[in-house]
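**Q** Pasting in a structure now, in structure tokens, and then I'll have a few things to ask.
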Amino acid sequence: MKIQADWLNNPALIRVMSLLSDAGHQIYLVGGCVRNALLHEPTSDFDLSTNAHPETVMELAKSAGIKALPTGIEHGTITLIVDKTPFEITTFRKDVETDGRRAVVAFSDQIEDDARRRDLTINALYADATGTIVDPLGGLPDLLARRIRFIEDPVQRIKEDYLRILRFFRFHAWYGDPSKGLDAEALAACAEQADGIDGLSKERVGAEMRKLLSAPDPAPAIAAMAQSGILMRVLTGAENSALAPLIALEAHYEVAPNWITRLVALTRAEVRDALRLSKSEDQLRKNTIACMDQALPTKVAAYRYGYDIATSATLIMAASLGQHPDPSFKDEATTGAAAVFPIKAVDLPDHLQGKAIGDELRALEARWIASDFTATKSDLLS
């Protein structure tokens, strides 16, 4: 089988692969770019794997006038920059020692060794410069069936890096066939090894949850996480009953999915540290919760918090009740987000000072909102 992708004709990619192959080395595309090409999904970057050692890759690049960066040389990775595009090239490796978070590796000349140290069968597919698939471990049937399985022994793969538990659910959300359910052996192994999640860095856990909740429909994967006891380890107080209805409402009303919206639908508990949220992400989460707690009409919510938060809060509340929102909620949010309170402090009488100015502005704003944003400046000041 061959992949069919326009990017195979990318001159920069051809140059990088030819650099190694012309010198007599094996060089393959691997992982996400191969997987996505076979599924006709977009590809954003290219990882390459070779039997050439890092020093050899550096020397060949230098001779060819290509910029080479030792971005992970201790793990066998060199990044080549061609036409301002980075290409990560990693030497075939095999694990020597693992502790559940990181691995000590040794270089190998065998592509089978490199494939076995990967996590899932769908990620152990390689392609040469012509697009011809190389499948050392028989993962191609799994990919074509959209079946997400660990390579060989699931427990052993998980013990090598406990983040693979979350990756299993994330990849099912993105690439699995929801009608077939999750692989039973893999799911049992994830549940058995769930204690290992506690030792992972919060940054890695947060990155996986972002990707999982950004999938088109993460609800089946999240439900399986909840049933296996894994979701509560990651998100305090998580309850997933509103997630599937929320995703259905997003699709029905053509509201762009947002992973923070889905996070709030799962839990309102404090999760900033647990997921290492950025300040902006955490503020978005807090504002969405505040909007819901105040039970503001959509138009007022959009005026207070903006269009996106207002629509998110509206959909979460509707999903939680198992209902549809008012069909006009998007129009209401558009109107509210565009509304501008017509009074400024300078418009108030001079005798008002200090706290009295703020009190008067709030009172006038309340009247303006009560008028459905129709009261004019002269109406309010009169």
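The values are calculated or read from the model by the stated rules, or taken from the named source; none is laboratory data. Predicted model only: the values in this text are computed from it and were never measured. No Cβ is skipped: glycine too gets one built from the backbone with ideal geometry, and neighbour counts run over all protein chains shown.
**Q** Answer yes or no: is there a residue in segment 333-349 that is of a type in the set (S, T, N, Q), within 26 Å of D308 (Cβ to Cβ) and assigned to a helix (DSSP H, G or I). Reasoning before the result, please.
**A** Just the residues of segment 333-349 that are of a type in the set (S, T, N, Q), to begin with: 334-335.
Right, trim to within 26 Å of D308 (Cβ to Cβ) and you get 334-335.
Now restrict to residues that are assigned to a helix (DSSP H, G or I): 334-335.
The answer is yes; a qualifying residue exists.
**Q** Say we look at segment 254-265 and pick out the residues that are outside any loop (DSSP other than H, G, I, E, B) and under 16 Å from the mean Cα position of the chain (by Cα); which of these is surrounded by the fewest Cβ atoms within 10 Å (Cβ to Cβ)?
**A** W259
**Q** On to the next question. Check every one of the helices (runs of 4 or more DSSP H) wholly within segment 85-184 and list those with 1 or more residues that are touching a helix residue (DSSP H, G or I) at 6+ places or on another chain (Cβ under 6 Å).
**A** Hits in segment 85-184: 140-144, 154-160, 163-175.
**Q** Suppose we keep only residues that are of a type in the set (S, T, N, Q) and exposed (fewer than 15 other Cβ atoms within 10 Å of the Cβ) within segment 33-86. Which one would you say is nearest to the chain's Cα centre (by Cα)? Can you show your working first?
**A** First pass over segment 33-86, keeping only residues of a type in the set (S, T, N, Q): 36, 43-44, 49-51, 56, 63, 71, 77, 79, 85.
Applying the additional criterion that residues be exposed (fewer than 15 other Cβ atoms within 10 Å of the Cβ) yields 44, 63, 71, 85.
Working: S44: 14, S63: 39, T71: 23, T85: 23 Å.
Looking at residues that are of a type in the set (S, T, N, Q) and exposed (fewer than 15 other Cβ atoms within 10 Å of the Cβ), I get S44.
**Q** Let me ask something additional. Of all residues in segment 1-29 being modelled with pLDDT of 95 or more and not in a helix (DSSP H, G or I), which is surrounded by the fewest Cβ atoms within 10 Å (Cβ to Cβ)?
**A** G24
**Q** Residues in segment 49-68: is at least one under 29 Å from G199 (Cα atoms) and at pLDDT below 95?
**A** No, because not a single residue in segment 49-68 is under 29 Å from G199 (Cα atoms) and at pLDDT below 95.
**Q** Separate question: Which residues, taken from segment 198-207, are in contact with a helix residue (DSSP H, G or I) (Cβ under 7 Å, 6 or more places away or on another chain) and either in contact (Cβ under 8 Å) with a residue 60 or more places away in the chain or surrounded by 20 or more Cβ atoms within 10 Å (Cβ to Cβ) (or both)?
**A** L200, K202, V205, G206
**Q** Here is a further query. With buried (at least 21 other Cβ atoms within 10 Å of the Cβ), touching a residue at least 40 places away in the same chain (Cβ under 8 Å) and small (G, A, S) as the only criterion, which of A129, A215 stands out?
**A** A215 is the lone residue from the list that is buried (at least 21 other Cβ atoms within 10 Å of the Cβ), touching a residue at least 40 places away in the same chain (Cβ under 8 Å) and small (G, A, S).
**Q** For segment 350-380, how many residues meet the condition of being of a type in the set (D, E, K, R) and assigned to a loop (DSSP other than H, G, I, E, B)?
**A** 2
**Q** Something else about it: Applying the selection to segment 132-146, what residues are buried (at least 16 other Cβ atoms within 10 Å of the Cβ), within 24 Å of L182 (Cβ to Cβ), among the aliphatic types (A, V, I, L, M) and touching a Lys or Arg at 6+ places or on another chain (Cβ under 9 Å)?
**A** L137, L143 - these are the residues of segment 132-146 that are buried (at least 16 other Cβ atoms within 10 Å of the Cβ), within 24 Å of L182 (Cβ to Cβ), among the aliphatic types (A, V, I, L, M) and touching a Lys or Arg at 6+ places or on another chain (Cβ under 9 Å).
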